[in-house]
Every structure is written in structure tokens, then in C-alpha cells.
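> The structure under discussion is supplied below as C-alpha cells; questions concerning it will follow.
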Amino acid sequence: MAWTRPTYRLVDGERIDGAWCHVWTKSYAGHYVADLFVYADGAIRCVDEMDLQGLRERLTSGLIALRDPERLAPARTREGPRWSARYPEPLTDEGFMGEVEDEIESLNGRPTSSDRCWEAIRRYLQEPTEDNRQGVRAAYLTIPAHRRVYVLGDMDLQDIPLRKLVTDLGEPVGGDGPIATAEMHREVLEYFQAGDRGVERSRQLYGMLHADDSQETGMPAITSHERVNPPNESPERLDLFVLRNEFPALFFYRGQRYPTVLHGYWALAAAKRSDHDHIRDATTVREAHEAGGRVPLRPEWVLVRTAVMAALLRAKFTQHSELAEVLLSTGDARISYTGISESPHWTDRGPREGRNWVGRLLELTRAELLADRVVHEGG
């Protein structure tokens with residue numbers, strides 16, 4: 001089945017992540033397509049609430065079906081032997097239950113049946129004993145049968161090497177394939193080892209090509225929160241509030257003096273000089289912001305606003321060394337600039353809204369400040 005994310009539900013204020021897929025459900029008028037939701041806590045919803053056992057019972061009774069029961073299923077045709085088929089097994093109710101269990105494991109950040117199979121493969125590669133081969137066999141057979149196709153991620157061979165490996169000596173691979181031999185198992189071992197060598201070569205290559213990326217774990221992300229009533233004067237004790245566009249820090253840009261970045265941004269956005277001066281001289285950040293939102297803006301302001309914001313932030317931090325030190329103290333942390341007063345173009349509002357451009361430009365300004373010290377001053 002094709003599973004879709006993200007989805008979630010709230011339980012006592014806590015977000016419970018989930019995934020969903022389409023199934024068929026039965027009503028008095030016949031069968032119709034419905035969404036089946038599976039959540040990390042094991043809860044399942046498809047018209048009604050249920051758990052894993054409830055889902056199993058509904059599948060058995062026909063209240064939930066994996067295909068339209070009112071239409072004949074297409075006849076399965078095999079183009080070749082079962083052991084090398086691309087899709088060797090059909091989707092069954094039992095296989096779907098295995099999918100659901102894997103989704104729950106994945107939603108909780110735990111290994112799925114395919115992940116556990118790969119863990120067993122790695123143990124076998126480290127120590128290719130019969131016991132470890134049997135461990136691979138046991139792990140592979142716990143994967144839902146219809147998914148035993150692309151576990152290896154090999155577009156050409158699919159899981160054929162794995163099917164060979166899990167077949168006991170003297171038995172036909174997949175029931176109708178060649179007889180498994182010790183030589184066959186050695187060839188499969190070489191297949192995996194060759195893959196590992198290829199991965200290592202790629203790692204070394206990209207390590208060289210991406211040498212400018214840090215190999216160390218970066219600092220955790222920081223979030224810059226909007227303040228409802230920002231002060232009009234700079235506080236004695238500086239903290240991450242200095243990152244905000246509403247922070248009071250008088251600076252000059254193109255011969256004009258602005259009390260905050262927001263004063264400068266909305267003044268420069270104004271099409272008329274008189275509106276520019278009125279916004280620039282506004283007593284508070286809110287007055288400047290609201291005045292800027294009411295006046296006609298420059299033509300194509302949307303196209304240039306990001307560059308203007310970058311220039312204003314650069315002016316603010318280069319003209320106030322104490323503010324620059326606070327920004328530099330954030331290291332390489334991602335800066336999430338939140339808030340509702342400034343538009344979603346500037347703010348971080350989660351995965352579905354907000355582009356966080358102020359956060360990005362703060363990171364750029366931080367890099368420029370550091371570059372002036374590390375590269376330029378150092379010659």
C-alpha cells in the first residue's frame with residue numbers, strides 16, 4: 001500500500017504522529033474508498049477507532065478490504081519463475097497487517113522489519129557463519145511477503161541475492177529456482193562486500209568533494225521569538241533578543257538613520273519620500289510597521305525586499321560590535337525566526353508555511369562577520 005505522511009492527532013495536548021493509506025470499507029450501500037489512519041501509539045482509525053486486533057477482525061470479516069470487493073481482481077500472470085519474479089507475492093490481509101506494524105515502528109523511530117533484516121545482513125558480513133546466515137533468513141521472512149522485492153535497493157537484481165542467501169543448502173531458491181550451494185552463498189557474500197567497497201569509495205569521493213562541510217556535529221538550532229511589547233531603548237543585558245528586527249539599535253544606511261531594522265525596512269519600502277520620513281521617525285516599532293503597511297509601496301518591492309533586508313541586517317550588526325558578538329555566539333546553529341507580525345516570507349512557521357528569510361539572512365550576516373575576521377583580516 002502507498003502510505004502518506006505527515007498526519008497527526010492530539011491527545012491531551014500531545015501530538016501523536018501518524019500515516020494513512022486508502023482502503024475499501026463496507027457500508028449498507030456497498031463498498032467505498034476510505035482513509036485508514038495509523039498512529040505511533042498503535043491507535044487506528046477508519047470510520048471507527050480500533051487497535052491492531054480490531055483491524056485484523058475487520059479485514060477477516062470484510063468490513064475493511066484492500067481492493068474493491070465488487071470488482072474482479074485481475075488475473076495474475078507470471079512471466080518467469082517465481083524465484084526471480086519482480087513481484088513474487090500478492091498483497092494479503094496478513095501482509096497488510098505486517099505493513100501496519102512496520103508503520104507503527106517507523107513512526108516511533110524504531111527499526112522496521114526491513115531495518116532488522118539489514119542489521120542481520122551486517123552481522124553476517126562481519127562474521128559469515130551459518131548461525132548469522134540463519135539470522136538473515138529469519139529476519140527476511142518477517143518482512144511482509146509482498147515487500148520482499150526491493151529490500152536491497154538494487155534496481156537490477158532486486159532481492160535475488162538475498163533470496164539466494166536465505167535458501168538452505170540443497171534447496172531450490174524461491175521454491176523453483178537453482179539449488180542453493182556453498183559457492184552460491186560465497187558469491188552472494190562477494191556481492192555484498194563489493195557493494196560495501198563501492199559505498200566506501202563513494203564516501204571517500206564525496207568526503208573530498210564536500211571537504212568544506214564540517215565533520216563535527218553542529219550546534220542545536222535556536223529560535224528567535226517575537227516580543228509583544230518590545231522596548232524602545234536597548235536593554236542593559238543583551239541576549240538573543242538582539243536578533244529581532246524590532247530590537248532598538250540605531251544605525252545608518254545610505255545616509256539615513258533608523259531606530260530599528262523594521263523602521264528601515266518599511267521606510268525604504270514606501271514609494272513617497274514623505275512616507276519614508278514619517279515611518280523613519282515613528283516613535284515605536286509598531287507605529288512604523290503599521291504606517292508602512294498603509295502607504296503605497298515601491299514598484300517591484302517584492303522583488304528587492306530580500307536584498308534590502310540583508311543590507312539592513314548587515315548595517316545593524318557591523319555598526320554595533322556588541323550585537324555582533326551575540327550573533328557570532330550562535331556558532332553554526334540554524335536560526336529559526338518566528339512571529340506573526342512580520343510576513344511568512346520572513347518568519348519560520350513550520351513545514352507548511354513560512355520561509356524564514358530573516359533567519360537565513362542572520363546566518364549569512366553571521367558568516368560575513370566571521371569571514372571578516374578569519375579570511376580578510378588574516379590576509
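> Run the dipole for the chain about the Cα centre, Lys and Arg Cβ at +1, Asp and Glu Cβ at -1, nothing else charged, and hand back the magnitude in debye, nearest 20.
With only Lys, Arg, Asp and Glu charged at Cβ, the dipole is about 1240 debye.
> Going by Cα centres, region 282-357 and region 231-251 are how many Å apart?
A separation of 13 Å, based on Cα centres.
> Let me ask something else about it. Please report the spacing between the Cα centers of region 253-273 and region 190-215 in Å, no decimals.
The distance from the Cα centre of region 253-273 to that of region 190-215 comes to 50 Å.
> Rg and Dmax of region 5-140 over Cα atoms: what are they, in angstrom?
18.4, 59
> On to the next question. Using θ = phi - 60° and the Karplus curve 6.51 cos²θ - 1.76 cosθ + 1.60, what whole-Hz ³J(HN,Hα) does each residue of region 297-312 get, with Gly and Pro shown as x?
Once θ is set to phi - 60°, the couplings for region 297-312 become 9, 4, x, 6, 4, 4, 7, 10, 4, 5, 5, 5, 4, 4, 5, 5 Hz.
> Quick one: what are the phi-derived ³J(HN,Hα) couplings along region 223-228, Karplus 6.51/-1.76/1.60 with θ = phi - 60°, whole Hz, x for glycine and proline?
For region 223-228, the Karplus curve yields 10, 9, 8, 6, 10, 5 Hz.
> Sequence neighbours fewer than 8 away in the same chain don't count; with that in mind, list the lysines whose C-alpha is under 23 Å from residue 316.
none
> Roughly speaking, to the nearest percent, how much of the chain's 1.4 Å accessible area is carbon and sulfur?
Solvent-exposed carbon and sulfur of the chain make up 52 percent of the total.
> Pull up all non-local amide H partners of residue 157: gap of 5 or more, or a different chain, and H-to-H distance under 5 Å with H placed in the peptide plane.
none
> Okay, moving on. For residue 149, which sequence-distant residues (separation of 5 or more, or a different chain) have an amide H within less than 5 Å of its own amide H, given hydrogens modelled in the peptide plane?
none
> Hey, another quick one. Can you list residues whose amide H is under 5 Å from residue 7's amide H, if they're 5+ apart or on another chain and H is modeled 1.01 Å from N?
HN-HN under 5 Å from residue 7: 18.
> Also, I was wondering about something else. To the nearest µm²/s, what D does Stokes-Einstein give for the chain at 37 °C and 0.692 mPa s, using the Kirkwood radius over alpha carbon pairs as Rh? Display every interim value, and only then the final one.
Values: Rh = 26.7 Å.
In µm²/s, the coefficient is 123.
> Whole-Hz Karplus ³J(HN,Hα) for region 5-14, in order, using 6.51 cos²θ - 1.76 cosθ + 1.60 and θ = phi - 60°, x for Gly and Pro?
Calculated HN-Hα couplings, in order: 9, x, 8, 6, 9, 9, 10, 6, x, 9 Hz.
> For region 131-177 and region 16-61, what is the separation of their Cα centres, given in Å?
Cα centres, region 131-177 to region 16-61: 31 Å.
> In deg cm²/dmol and to the nearest 500, what is the mean residue ellipticity at 222 nm of the chain if only DSSP H runs of at least 4 residues count, each as -39500 (n - 2.57), divided by the residue total?
Per the formula, -13000 deg cm²/dmol.
> When the chain is modelled as a GNM with alpha-carbon springs shorter than 10 Å, which of 137, 116, 286 fluctuates the most?
286
The values are calculated or read from the model by the stated rules, or taken from the named source; none is laboratory data. A quick note: this is a predicted structure, and the numbers were derived from the prediction, not measured. Virtual Cβ from ideal backbone geometry, glycine too; neighbours counted across all protein chains shown. Side chains included, ligands, DNA and RNA excluded: accessible areas come from the protein's heavy atoms. Shrake-Rupley method; radii C 1.70, N 1.55, O 1.52, S 1.80 Å.
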